[in-house]
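Worksheet for the structure shown next.
Here, each number is a calculation from the coordinates, and none is a lab measurement. Since we're looking at a predicted model, the values are computed, not measured. A quick note on method: Cβ atoms are made from the backbone with ideal geometry, for glycine too, and the neighbour counts reach across all protein chains shown.
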Amino acid sequence: MKVLVLGGAGFLGQVIVKRLLEQEGCSPIIASRGPGPSQGAEAISLNALDREHLARVVSDVDCVVNCVTGSKQTIIETSVSLVDVLQNSKHKPKCVHMSTMSVYGGQEGLVAESAATQADIGWYGEAKIAAERAFSSYVSQGGTVYILRPGCIYGPGSQLWTDRIGKLLSSARLGDLAEAGDGWSNLVHVDDVAAATLSCIRDSENSGEFIFNLAAPDSPRWNRYFQDFALALDATPLQFLHSRTLAVETKIIAPPIKVLERISGKFRMRSDWLPESIPPSLCRLWGQHIKLDSRSIEDVFGFRWVPYSRGVEESAEYFKNRFGS
């Protein structure tokens with residue numbers, strides 16, 4: 001089976017490709033705009049907006065995994081381009097699209113896949129909702145699509161939920177947030193996201209559209225994650241952060257850091273020297289009482305999750321080895 005992984009050189013794409021290489025009879029193709037690690041797999045340079053080139057590649061694969069991320073425009077235009085190519089293909093390859101829990105917006109409580117999407121918390125959720133709509137149109141043309149909606153992907157290599165949190169904890173800029181950190185973390189280990197992708201690829205009994213939430217049932221509230229990760233990193237005692245401190249972080253410190261990040265990106269300069277920022281959207285997430293109901297993928301595929309304790313241990317070991325904490 002040939003599997004095209006769009007965004008295969010990225011954090012999640014690399015883990016998926018690694019798992020695919022371990023499967024007998026599976027040949028992953030890494031597609032990215034620029035050069036990246038091949039991991040022993042075929043790697044090609046591909047702009048997904050070049051529909052002619054994309055169509056030639058898709059004509060020879062059995063499945064496409066869409067891990068493309070980036071700006072709102074990139075996410076939407078890439079999805080529309082891919083769906084257009086898939087719809088016009090003769091053999092209708094299966095597709096696995098990586099979405100996000102952000103499509104549920106500011107909802108709270110236990111949220112299953114049947115819940116309505118709502119674009120009320122920012123551009124990322126809006127972009128992913130538009131992308132999901134595009135892939136749904138492929139289903140109406142006879143295609144099969146699996147839409148995965150992961151929560152916060154952590155584990156070795158996660159820039160957002162391992163690197164960033166670890167740096168903030170190590171510098172005592174993050175700690176016990178009291179009520180402001182009482183939301184559910186909806187953590188999902190990167191290996192679980194890769195395993196879910198493989199389950200969808202291997203599924204030969206079903207066709208149509210399938211949507212799966214991905215969040216480990218034992219993932220705790222954010223304050224508990226901060227505490228456990230800090231302990232594993234020896235970044236204790238954990239600080240209690242007053243709401244005034246968070247206000248300073250989000251309203252005074254975060255904006256200039258964001259400006260410098262954009263300038264660095266525009267001029268292709270290194271930005272790893274910049275401190276981590278805590279934007280308002282992050283604080284809002286830490287206090288949001290939304291808990292993904294992920295029982296559907298367990299029922300369909302008999303899915304089993306990486307235990308939370310193991311995930312924290314692996315994340316801490318990776319962080320210490322990389323950053324010397």
Mind checking the log10 I(q)/I(0) for segment 148-194 at q = 0.18, 0.20, 0.25 Å⁻¹? Debye, one equal scatterer per Cα, no solvent, two decimals.
-> -0.62, -0.74, -0.98
Apply the Debye scattering formula to segment 63-116, with a single equal point scatterer on each alpha-carbon and no solvent, then give log10 I(q)/I(0) at q = 0.19, 0.22 Å⁻¹.
-> -0.80, -0.93
May I ask you to order 277-287, 48-58, 222-232 by the average number of other C-beta atoms within 10 Å around their residues, highest value first?
-> 222-232, 277-287, 48-58
Taking only the alpha carbons of segment 176-215, what extent do you get along each of the three principal axes, in Å, biggest first?
-> 47, 20, 8
Rounded if a/c is under 1.5, else prolate if a/b is larger than b/c, else oblate: which is segment 269-325, with a ≥ b ≥ c the root eigenvalues of its Cα gyration tensor?
-> oblate
What FRET efficiency, computed as 1/(1 + (r/R0)^6) with R0 = 30 Å and r the Cβ-Cβ distance, is obtained for Q159 and A119, rounded to the nearest 0.05?
-> 0.80
So if we plug the beta-carbon distance of S171 and E313 into 1/(1 + (r/R0)^6) with R0 = 30 Å, what FRET efficiency do we get, rounded to 0.05?
-> 0.90
May I ask for the distance between the Cα centers of segment 271-313 and segment 32-94, given as a whole number of Å?
-> 27 Å
Computed label-point distance, nm, for sites S59 and M1 using a 7 Å Cα→Cβ extension = 2.4 nm
Three principal axis lengths of segment 177-247 [C-alpha, angstrom, descending] | 53, 25, 18
Which residues does a label at E298 reach in segment 171-207, if reach means a backbone N under 20 Å from a point 7 Å past the Cα toward the Cβ?
-> 184-200
Cα gyration tensor, segment 1-56 - rounded (a/c under 1.5), prolate or oblate | oblate
Quick P(r) readout (segment 45-163; Cα-Cα; 10 Å bins; whole %) gives 13, 42, 32, 12, 1
Please report, in Å, the Rg and the Dmax of the chain, where both are computed over Cα atoms only.
-> 19.7, 60
Excluding residues on the same chain fewer than 8 positions from K320, give the aspartates and glutamates whose Cα lies under 16 Å from its Cα.
-> D163, D228, D234
So, with +1 on the Cβ of K and R and -1 on the Cβ of D and E, and no other charges, what is the size of the charge dipole of segment 262-325 about its Cα centre, to the nearest 20 debye?
-> 420 debye
Prolate/oblate/rounded label for segment 116-164 (Cα gyration tensor, a/c 1.5) | oblate
Leaving out same-chain residues fewer than 8 places away, which lysines sit with a Cα under 24 Å from that of K251?
-> K72, K167, K266
What percent antiparallel are the DSSP beta bridges of the chain, to the nearest 5?
-> 5 percent
Please give the contour-minus-distance gain from R51 to R284: 0.36 nm per residue of separation, less the Cα-Cα distance, rounded to one decimal in nm.
-> 80.1 nm
Residue order, fewest to most surrounding Cβ atoms within 10 angstrom, among V139, V85 | V139, V85
In segment 158-184, which residues have a backbone nitrogen under 16 Å from the label point lying 7 Å from F240's Cα in the Cα-to-Cβ direction?
-> 174-182
Give, in nm to one decimal, the length gained when the segment between A112 and E22 is fully stretched (0.36 nm per residue of separation minus the Cα-Cα distance).
-> 29.3 nm
